[in-house]
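Okay, structure first, notes after.
The values are calculated or read from the model by the stated rules, or taken from the named source; none is laboratory data. Computed from a predicted structure; not experimentally measured. Every residue, glycine as well, gets a Cβ built from its backbone with ideal geometry; the counts of neighbours run over all protein chains shown. We work out accessible area using only protein heavy atoms, side chains counted, and drop any ligands, DNA or RNA first. Shrake-Rupley method; radii C 1.70, N 1.55, O 1.52, S 1.80 Å.
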Amino acid sequence: HKTRKSASKRGPPRPPNGFMLYRSDKTKEIKKQLEEGGTTKILQSSLSKIIGDLWRSEPEEVREYFNKAALEQKEWHALVYPDYVFKPK
């Protein structure tokens with residue numbers, strides 16, 4: 001059993017990519033729709049499958065919108081954390 005390190009020990013967060021921004025947006029949207037339909041819970045695995053399918057079926061313009069937003073976040077991240085280097089384990 002591994003324990004999660006606090007954010008300060010891990011360092012700055014990794015900047016999100018286009019799909020992660022899309023997933024965040026769609027998660028809120030889907031959860032709101034579920035609540036309006038009387039359901040409050042969904043398995044993360046089911047949510048991931050739904051959102052992955054939605055992402056692949058989106059027109060190029062939608063994916064490009066989120067990829068552009070991710071690039072802007074990456075540029076902001078570089079200004080805020082100039083010494084950041086992604087170090088996967």
Farthest toward positive dipole pole in the chain [+1 Lys/Arg, -1 Asp/Glu at C-beta], among A70, G38, P15
P15
If you line up the long axis of helix 18-36 against the longest principal axis of the chain, both from Cα atoms, how many degrees apart are they, to the nearest 10?
40
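Percent of accessible area on segment 29-75 owned by carbon and sulfur, 1.4 Å probe? It would help to have the intermediate numbers written out before the result.
Details: 1970 of 3710 Å².
The value for segment 29-75 is 53 percent carbon and sulfur by accessible area.
From the P(r) of the chain, could you give the percentage of C-alpha pairs in the tail past 20 Å?
Details: 2071 of 3916 pairs.
Looking at the chain, the distances longer than 20 Å represent 53 percent of pairs.
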Exposure of V85 as accessible area (Å², to 10), given a probe of 1.4 Å and all protein chains:
90
Can you sort I42, I50 by solvent-accessible area, 1.4 Å probe, largest first?
I50, I42
